[in-house]
Structures are given as structure tokens and as C-alpha cells.
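Peer 1: Take this structure, written in C-alpha cells, and hold onto it; I'll ask about it next.
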Amino acid sequence: MLNGGIYTVDAARSWAEAAAIDEGIIVAVGSNQYIRQFIGDATEVIDLDGRMAMPGIHDSHIHPLEGGYESVYCDVTEADSVDRLVGTLSACARRVEGEWLNALGLDWSLFGVDGPDNSILDGIADDRYIFVDGVDGHSALVNDKALRLAGIDENSEDPPQGVIERRKGSREPSGTLREAARDMVDKLRPPRDLATSIQAMRSAMQRMNALGITSVYDVWIGEHEMQVYQALEEAGELTVRVLGAITDDGVFERHSGEYLERVIRERGRYESDLISYDSIKIFVDGVVEGETAALLEPYKNADHLGTLNHSANDLQSRVQRFYDAGMQLHFHTMGDGAARAALDAIEYARDNGPAEHLELRHTLSHLGLIDPADMPRFAELNTGASFTLAWGTTDEWTYKLEMPVLGKERVKRLYPIRSVAEAGGMVLGGSDWNYGDLDPLISIEAGITRDDPYGPNSAGDFKVFDDETVNLETLIDAYTINGAWQIHAEEVAGSIEPGKRADLVIYDRNLFEIDPYEISEAQVDLTMFDGRVVYRRSSDTKE
Ligand SMILES: [Zn+2]
């Protein structure tokens, strides 16, 4: 590579004009003149022509297989009216065969608070089971045939931690199922077969590479996902580094007891130089807008604190068991109460577990709210803070869904990345794809501006996040070198320095020289993984 803008993310955060790569390894970084001596007959020269290159992007909280299924299941994400929803589903029913019609991406805002009635599905595929998963993954709409299969009728009680929505004035199920009620039908769907999942994961990797992503923390791992990654690696098609977190059994039935023990025990045979699974994902709480995020102070106009999925004792003993076994912890924490519970459990495990495990690197993810007293604890407890910054912007969601339940003072402190960074914590960025937007530049722009990256601020003059903005340097660290730390890859990735593997991205413009509001418009021109070009832009626009 010559004639850059190479932002190396080395210790001095220095810039270089050029870099030489051989056999997948960065062998030299420096001036054009210095690097030219490495050019031989068989060298491919990439002329950066002033464009910016930097280390490949790391996503610190992502669900790649789920995202990949967007391309093999019926995707209704774009349906912005009931008519379009029905149209998309009908088209899928003609295209995709099988006993089940599986769709994902249902937008709940098309309907009232009780969700849709499944009569809208009539006539689409009455002889098949229809399962339309919500964009949030917490609720689903199913047809009557699927309800019957699960034995859900007017006599069914709501399961613990779940809701069966009913038709107005009756006990008849409407087809909208929430949380554990969704699971009652979900668990009857045929397990995903390996071939389809490989196809989905291949598509996910292509989409990630096209956005400059070269490593991920995959937070939904079971035996099936391990088999998928292994098959792709054996075929030479694995184009991201992976640290996978095995999903804990606390909330989801599929990952329970014996099964979980076996997956943990046997994980080693799925690991390689590119993949490891020494991590466990634990759900500590829920979400703000559903008032299931666990808070330290009550919700506004309600006298409750949200929900911790585990009692303090239960969480502590779970964490201790995994910690003692040498597993790193990855927590879903949204509220400040959840963040505190997770940090307390980590602290207890570190105080009472084997000393050699103090080096384990844990992560709290999402981090809508963190109490000021807990900010320094990330650094103290060797724990990374993964923020879902695309959610931390001033938009209609914040205004209509978070303001009413949290109040303005707490909304101001949502996604407090600056406070954690200033307290010395290792800050990270995650998309939570496919529940969030995969594009890291959307999140990076959001982290700088805290304004709606999709266009004019949909909440008008309402703007509250000024205190928690961070600069581009901090965010690039979060998405590169800090990410390499999170997956123990800092010796091989995270910066463009001699001796490291060549994971890098080339943008069509220099992110430091443009208006922050234009960052999400930048295009990835090329992505290199382990010295191989895995994406080269051919068209002019983002997909
Ligand atoms: Zn997630």
C-alpha cells in the first residue's frame, strides 16, 4: 500500500504513507520511499491515492448467524405498512418451500400496544405454520395452525415471564406472543440444518467484510454455531476472527443443564487460531422501553426498579462457577442496577477465585445506564465496556419511549461512554446486529454527534447527550485496538504494525477530515483479512 493516509493505531497513534505485507503479515510501515524497496515482481501494489486505511473493525457484541438468516429467511424488515408486510410474506410463501414459513424483522410500531392480530396472515399460507419474528427478537406473530401446534388456546394461561396477547374482550389468543410465550412456538420450529446455517453465515461474513469488519465477539454460541464456523474454516471461508460467548441457560431453554455443560467441555475441538469460545453470555436484565431494564432508582411514575433475571446470590454463584472454570463473562446489562449486579459478581469472583484468572477479560454490553460510582470499576475489574452507540442518539425512540419511563435527567446519562473512558475503562463498540444496525460507521458517527445518524433529528430540537460525546480517536480505538484486547488478539490484530496479521480497511475518504455528520456516508473501498482481500467495492453506494 502506497500514498496513504494510514492511521496505524500504534502506541503513538501515528500516521504512515505506506505499508508492506507479505504472507499475511505486515512486514513494514513507513514512508513511500522506505516501503518501495519491498516491491517485487509478484507484488500487488494498492495505490491509496490519499485515501485512509486503518486496522480492520472489531464488533464487540454481535449475532452473525441471526444476521445471516436475514438473507435466507423471509425478511420483512422493510415492510413499513401492513399491506407491504402481507405482500412480502405472500411472495416468500411462493419462493420458500417447507412446512414452516419463517420470517423475521416485524416492525411492532405498525400496530398498537397489543400487537397485531393474526387474521392479517389469513390466506398467505394457511396449510403451513407461519412464524413472524419481531425486529426485537422478543415477541413474534404466529398463525392459528402454529398456535394449535403449541397447544395455545383460550384456556392457556400466560407462561411465567411471557404474555399470550388476546383478542379484545375475549381470551382467544390473537397470535402475538411475548418472551416465554414466543418460546412455546419457537422451540417447535425444526432446528436449523447445517447447510442452511452455513449459507447464512457465509452471507453474514460477506456483509461484515463489506463494512470493514474483520473480527467479532459473537454472543450467541451453541454447538450448532460452532459447527457452522468450523465448516467454514475448513473450507477456507472464514474471513473474521471470532471469540464466541456460549449462551448461558438462565433465560433460554435451549441452552440448559447437560447441554450447556457438554458444549463448554467440548468447545476445544472447535477452536483454532482464528476462533475461541472461552466465554459465557449471561442476560442480567431486559430493556428500558419494556421497563425490564434493572434500575437503581425507580422508573418515572412507577414504583418499581425493573427486573434482574437472577437474584444477587444466583448471579454470583453462576459467575463464580464459570470464572473458576476459566471462562470470561459477557453480560447483557441495560440498566444501572444490572451493571452494578454484574460488576459486583465479577468482583466477588475475582476476590474468591483462582489468582491466575485475574487476567480474564470480561465485558458488560449495551450499558444504557451506569451509576457514576461504578465508572472506575471497569478498569479495576479488567472488564470492557461495550456500548451500543447507535441506540444512544437523540431520536424519536429516545423521546417517545425512553423519556417517559426514565425522565430527562437519566436520559442525559444514557450510554455514558465518555465517563467510562475518562475513568480509564476499556471502551468498545458493538452493533448488536441483527437487532441493531451492522454498519460501524453509523455507530461511530452516533458516538461523536449523539444525533440521529439516519437523517434530520426526528425529535426536533430535543437534544440531551452533549455530556457523553467522544471524539473519533476514542471511537477508532474502541473498534480496533480495544477490540483486539477483548478477544486476546492484540498480538496479531488491532493495529497496523510490523509483525501483526494484515487485517485492515480502506475508506474512500479520510474520516478525520470530514464533517462528523458525514462519517456514515463514507464507503469501504477494500477490506483485507489475514492478508487476503476479502472485499473490494465495485459499485458506488452502500447496499
Ligand atoms: Zn445482543
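The values are calculated or read from the model by the stated rules, or taken from the named source; none is laboratory data. Note that the coordinates shown come from a computational prediction; the quantities given were computed from them, not determined experimentally. All Cβ positions, even for glycine, are placed from backbone atoms using ideal geometry, and neighbour counts span all protein chains on display.
Peer 1: In the stretch 75-105, what count of residues is obtained for those that are touching a Gly at 6+ places or on another chain (Cβ under 9 Å) and within 30 Å of THR239 (Cα to Cα)?
Peer 2: 6
Peer 1: From the residues in the stretch 346-383 that are outside any loop (DSSP other than H, G, I, E, B), within 23 Å of GLU422 (Cα to Cα) and of a type in the set (A, V, I, L, M), which one is nearest to the ligand (Cβ to nearest atom)?
Peer 2: LEU364
Peer 1: Also: Among the residues of the stretch 94-113, is any touching a helix residue (DSSP H, G or I) at 6+ places or on another chain (Cβ under 9 Å) and on the phi > 0 side of the Ramachandran plot?
Peer 2: No - not one qualifying residue is present in the stretch 94-113.
Peer 1: Would you mind telling me which numbered condition in (1) in a loop (DSSP other than H, G, I, E, B); (2) at pLDDT 95 or above ARG192 fails?
Peer 2: (2)
Peer 1: Quick one: which strands (runs of 3 or more DSSP E) sit completely within the stretch 51-109 and have at least 3 residues that are under 22 Å from the mean Cα position of the chain (by Cα) and under 30 Å from ARG241 (Cα atoms)?
Peer 2: Filter on the stretch 51-109 gives 57-62, 100-106.
Peer 1: Moving on to the next point. Just one of the numbered conditions (1) surrounded by fewer than 12 Cβ atoms within 10 Å (Cβ to Cβ); (2) within 30 Å of TRP391 (Cα to Cα); (3) at pLDDT 95 or above is not true of VAL113; which one?
Peer 2: Of the numbered conditions (1) surrounded by fewer than 12 Cβ atoms within 10 Å (Cβ to Cβ); (2) within 30 Å of TRP391 (Cα to Cα); (3) at pLDDT 95 or above, the odd one out for VAL113 is (3).
Peer 1: Among the candidates ARG148, ARG167, which residue alone is touching an Asp or Glu at 6+ places or on another chain (Cβ under 7 Å) and farther than 25 Å from PHE283 by Cα?
Peer 2: None of the other options fit; the residue is ARG167.
Peer 1: Taking ILE57 as the residue in question, decide whether it is under 30 Å from HIS224 (Cβ atoms), β-branched (Val, Ile, Thr) and within 16 Å of the ligand (Cβ to nearest atom).
Peer 2: Here the answer is no, as ILE57 does not meet what is asked.
Peer 1: Something else: Could you figure out which of (1) of a type in the set (A, V, I, L, M); (2) modelled with pLDDT of 95 or more; (3) within 22 Å of GLY286 (Cβ to Cβ); (4) surrounded by fewer than 23 Cβ atoms within 10 Å (Cβ to Cβ) isn't true of MET375?
Peer 2: (3)
Peer 1: Return the residues of the stretch 416-431 that are surrounded by fewer than 24 Cβ atoms within 10 Å (Cβ to Cβ) and more than 18 Å from ASN382 (Cα to Cα); say none if nothing qualifies.
Peer 2: Result: no residue meets the conditions.
Peer 1: Let me ask something else about it. State all residues of the stretch 272-291 that are assigned to a strand (DSSP E or B) and within 16 Å of the chain's Cα centre (by Cα); if no residue qualifies, say none.
Peer 2: Within the stretch 272-291, SER279, ILE280, LYS281, ILE282, PHE283 meet the criteria.
Peer 1: Oh, and also: Restricting the first residue to the stretch 81-104 and requiring it to be under 14 Å from GLU70 (Cα atoms), which pairs with a second residue that is in a helix (DSSP H, G or I) and among the small types (Gly, Ala, Ser) meet a Cβ separation below 9 Å and a spacing of at least six or different chains?
Peer 2: The qualifying pairs are LEU101/ALA93.
Peer 1: Filter the stretch 200-219 down to residues that are closer than 20 Å to ASP75 by Cα and in contact with a helix residue (DSSP H, G or I) (Cβ under 8 Å, 6 or more places away or on another chain) and give me whichever is surrounded by the most Cβ atoms within 10 Å (Cβ to Cβ).
Peer 2: MET208
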